[in-house]
Number of protein chains: 2
Amino acid sequence: MPGPLALALDFGGTKLETALIDSDGALVPGSRHRRPTGPAATSDELAARVAEAIRASLDAMPVGAALAGAGIGAAGPVDLAEGTVSPLNVPAWRGYPLAGLVSSLVPGVPVTLRIDGLCIALAEHWIGAGQGAGNFLGMIVSTGVGGGLLLGGRAAPGTTGNGGHIGHVEVGGHDEPCACGGRGCLEAIASGPNSVAWARRHGFTGATGEDLAAAYAAGDAVARAAVERAGTALGRTIGSAANLVDLDRVAIGGGFSRVSPDLLEIARRALADRSDFGFVRRVEIVASALSDEGPLIGAGALVHRPDRI
Amino acid sequence: MPGPLALALDFGGTKLETALIDSDGALVPGSRHRRPTGPAATSDELAARVAEAIRASLDAMPVGAALAGAGIGAAGPVDLAEGTVSPLNVPAWRGYPLAGLVSSLVPGVPVTLRIDGLCIALAEHWIGAGQGAGNFLGMIVSTGVGGGLLLGGRAAPGTTGNGGHIGHVEVGGHDEPCACGGRGCLEAIASGPNSVAWARRHGFTGATGEDLAAAYAAGDAVARAAVERAGTALGRTIGSAANLVDLDRVAIGGGFSRVSPDLLEIARRALADRSDFGFVRRVEIVASALSDEGPLIGAGALVHRPDRI
């Protein structure tokens with residue numbers, strides 16, 4: 001007899017994914033399904049794709065298994081008080097009642113919605129690089145820079161559910177315009193696309209984070225300066241966060257976090273250079289221990305680890 | 001028959017104060033006592049002054065009153081795991097067991113130690129401008145810039161107890177060196193002395209925050225630019241904090257926060273200009289509702305409001 005399962009939905013700016021997650025954080029084989037999202041889809045199309053993927057995942061339920069609940073991780077902003085989502089890159093959904101949609105697809109099953117950055121942090125804390133850390137920040141450095149914050153081993157409380165937006169903490173000495181409307185935010189500096197754009201302004205001819213990684217590995221001076229710039233901004237921002245919330249550990253994942261194994265070491269050095277305070281310098285900066293299943297596992301944690309939310 | 005009382009100790013970089021606090025957050029008349037601290041005092045002198053002030057406060061105990069506990073707010077850094085303090089401007093105390101000292105002076109009475117910024121935030125939340133706010137940041141803008149953070153109506157958890165250091169969150173576009181070892185921190189920009197120093201570099205001839213306030217009120221262009229600069233940095237930093245911890249309200253006190261009634265309005269405008277995110281723009285920025293009794297009231301809250309810590 002299998003243990004209770006969670007239906008997990010990760011709703012992002014380019015795709016949505018669903019899967020069944022067991023109580024150890026493992027995906028049920030054959031249960032993972034994906035559909036596109038993006039700026040072109042209508043609201044009805046998005047809802048239909050959510051329904052298709054959920055039905056396909058439910059078809060993979062083992063005989064005799066029970067569904068304990070459904071967990072949703074959604075691209076922000078979210079509004080937990082209303083149960084709605086307004087994913088930045090999915091303009092068809094503004095204040096969309098995603099929790100209600102999922103509830104209608106699995107009648108009688110409890111549904112829990114949280115922002116995707118928090119789900120990833122919950123997954124790291126459950127079975128990844130955040131295990132055992134009291135005050136833990138999970139970060140994603142990719143097309144954007146996102147994150148999720150656990151304090152005292154639990155999701156940091158918040159009225160709207162949008163905490164953990166480390167990508168929109170400002171970095172001293174920087175004034176680059178940011179997609180959030182601000183200037184000098186970490187995301188405006190250290191995301192993959194913004195790092196590549198900076199390198200191109202300094203003569204780099206590649207187009208992608210992968211190009212930048214290859215050039216860095218080959219010793220290209222501009223690529224090395226671009227990675228130094230991103231890693232330094234990461235370390236300084238972690239320092240700001242540590243001052244505010246007394247962090248124990250930060251785990252960094254996402255495609256651009258693997259631009260070079262040096263990136264995290266640069267961030268560690270920047271953190272140490274940035275502060276004389278022992279409580280800031282002590283923060284551990286480690287690599288994510290999750291695969292690309294992280295967001296789904298985190299959505300499953302909303303069901304299997306209610307003590308953490 | 002009076003209710004149970006708290007013995008409160010506020011230990012700062014220039015002075016220490018003690019008082020008895022009742023269960024409504026009021027000081028018992030005649031119980032407030034003060035002694036100097038500072039860089040020149042020896043460790044034994046400091047301990048003797050703490051003991052003198054505590055004994056003087058205890059002499060004001062009303063007949064029949066009982067002491068429910070002792071609360072200590074101390075200038076940071078602190079180490080809650082060890083129960084020690086290392087106040088930046090009191091070099092004689094590094095890793096000093098202040099909780100143990102107080103415990104020896106009131107045998108059998110429970111003693112609770114927290115950083116002073118948190119105590120001030122607890123006082124605001126208890127009887128001041130933070131009442132009813134779930135995620136609340138109490139800020140002090142004075143010789144330095146400090147703060148304390150409550151999330152979900154309680155002190156944000158932390159291993160070392162040093163969270164809430166909003167003064168050492170960096171501000172985009174700024175690179176001024178900071179006393180913490182970093183650059184571009186809010187304190188390096190917006191504290192009273194650093195605002196005055198900036199104005200002097202731009203031709204202001206006054207020497208104090210009071211001089212700057214008078215010049216601002218008289219319409220002096222450099223003074224107005226200095227206040228604009230400080231208020232803008234405050235608003236931008238509150239934006240960074242709101243992104244990270246989904247703030248509901250921020251209350252700002254401290255001597256330099258009163259440089260002009262315009263300061264908070266400038267901060268509000270900077271916050272609105274800084275972010276398109278509704279969850280950031282919604283943060284309320286209000287003036288502190290506490291007198292200079294705030295730190296003592298907050299130390300009393302450690303005893304009277306254990307549900308908040």
What does the C-alpha gyration tensor say about the overall shape of segment A:238-285? Classify as rounded when a/c is under 1.5, otherwise prolate if a/b is larger than b/c, or oblate. prolate
Using a 10 Å cut-off around each Cβ of peptide B:147-157, what is the average number of partner chain Cβ atoms that fall inside? 4
Taking segment A:60-183, how much of its Cα-Cα pair set, in percent, is spaced more than 24 angstrom apart? 37 percent
Cβ under 10 Å from B:GLY73's Cβ, B:GLY73 left aside: what net charge do those residues give with Lys, Arg +1 and Asp, Glu -1? -2
For segment B:245-256, Karplus couplings with θ = phi - 60° (6.51, -1.76, 1.60), whole Hz, Gly/Pro x: 10, 6, 5, 9, 8, 10, 10, 10, x, x, x, 6
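Treat the count of other C-beta atoms within 10 Å as a stand-in for reagent exposure and order A:HIS125, A:HIS33, A:HIS165 from fewest to most.
On the way: A:HIS125 27, A:HIS33 19, A:HIS165 31.
Lowest count first: A:HIS33, A:HIS125, A:HIS165.
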What whole-number distance in Å separates the alpha-carbon centres of segment B:171-226 and segment A:127-179? 31 Å
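Provide the gained length on full extension for the span B:SER43 to B:VAL286, in nm with one decimal, where the gain is 0.36 nm per separating residue minus the Cα-Cα distance. Write down the numbers at each step before the final one.
Working: separation 243, 0.36 × 243 = 87.48 nm, distance 3.86 nm.
Full extension from B:SER43 to B:VAL286 adds 83.6 nm.
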Computed for the protein assembly as shown: size of charge dipole around the Cα centre, +1 on C-beta of each Lys and Arg, -1 on C-beta of each Asp and Glu, debye to nearest 20, value 240 debye
Compute from the Cα atoms of the protein assembly as shown the Rg and the Dmax, the latter being the longest Cα-Cα distance, and quote both in angstrom. 25.6, 82
The protein assembly as shown: antiparallel bridges as % of DSSP beta bridges, rounded to 5, reads 55 percent
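Rounded, prolate or oblate: pick one for chain A, where a ≥ b ≥ c are the square roots of the eigenvalues of its C-alpha gyration tensor, a/c under 1.5 means rounded, and failing that, prolate if a/b is larger than b/c, else oblate. Mind dumping the intermediate values first?
Working: a/c = 1.88, a/b = 1.57, b/c = 1.20.
Prolate is the answer for chain A, as a/c is 1.5 or above and a/b outweighs b/c.
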Per-copy distances of the B:LEU88 label point, shortest first, in nm (7 angstrom along Cα→Cβ): 3.2
What does the copy distance list look like for B:THR14, label position 7 Å along Cα→Cβ, in nm and ordered from shortest? 5.6
Counting only C-alpha contacts under 8 Å and six or more residues apart, can you give the relative contact order of chain A as a whole percent? 19 percent
Could you list A:THR112, B:THR18 in order of exposure, starting from the residue whose Cβ has the fewest other Cβ atoms within 10 Å? A:THR112, B:THR18
Need the C-alpha centroid separation for segment B:18-54 versus segment A:229-284, integer Å. 39 Å
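Regarding segment B:216-303, what's the average projected area of the Cα-atom convex hull, expressed in nm²? Kindly include the intermediate steps, with their values, before the conclusion.
Working: hull surface 26.1 nm².
The Cα convex hull of segment B:216-303, projected and averaged over all directions, gives 6.5 nm².
Give me the Å³ per residue figure for the convex hull around the C-alpha atoms of segment B:1-56. Walk me through the numbers before you get to the answer.
Numbers: hull volume 4.1 nm³, N = 56.
Value for segment B:1-56: 74 Å³ per residue.
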Averaging sequence separations of C-alpha pairs under 8 Å and six or more residues apart, then dividing by the length of segment B:13-78, give the relative contact order as a whole percent. 34 percent
Mind putting a number on the dipole of segment B:48-155 about its Cα centre? Charges go on the C-beta only, +1 for Lys and Arg and -1 for Asp and Glu, and I need it in Debye to the nearest 20. 40 debye
Across peptide B:166-179, what mean number of C-beta atoms from other chains lies inside 10 Å of a residue's C-beta? 6
Relative contact order of segment B:155-309, defined on C-alpha pairs under 8 angstrom at six or more residues apart (%): 19 percent
For segment B:132-287, count all C-alpha to C-alpha pairs, find those more than 27 Å apart, and express that count as a whole percent of the total. 19 percent
Shielding of B:73-80 by partners, i.e. mean partner chain Cβ atoms within 10 Å per residue? 1
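If you add up the charges near B:VAL169, with Lys and Arg at +1 and Asp and Glu at -1, over every other residue whose beta carbon is less than 11 angstrom from its beta carbon, what do you get? Don't skip to the end; give the middle numbers.
Numbers: positive: A:ARG236, B:ARG236; negative: A:GLU170, B:GLU170, B:GLU187.
With Lys, Arg at +1 and Asp, Glu at -1, the neighbours total -1.
With +1 on each Lys and Arg Cβ and -1 on each Asp and Glu Cβ, how big is the dipole of segment B:206-255 about its Cα centre, in debye rounded to the nearest 20?
My answer is approximately 120 debye.
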Mean projection area, nm², convex hull over Cα of segment B:1-121: 6.9 nm²
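Below 10 angstrom from the Cβ of B:ILE309, what's the summed charge of the other residues (Lys, Arg +1; Asp, Glu -1)?
Working: positive: B:ARG114, B:ARG154, B:ARG305, B:ARG308; negative: B:ASP307.
That sum, taken over residues with Cβ under 10 Å, equals +3.
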Taking the label point 7 Å from Cα in the Cβ direction, how far apart in nm is A:GLU52 from each other copy of itself, listed shortest first? 8.1
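Computed from the coordinates by the stated procedures, all read-outs in this text should not be read as laboratory data. Keep in mind that what you see is a predicted model, and the values were worked out from it rather than measured. Cβ: placed from backbone, ideal geometry, glycine included. Neighbour counts: every protein chain shown.
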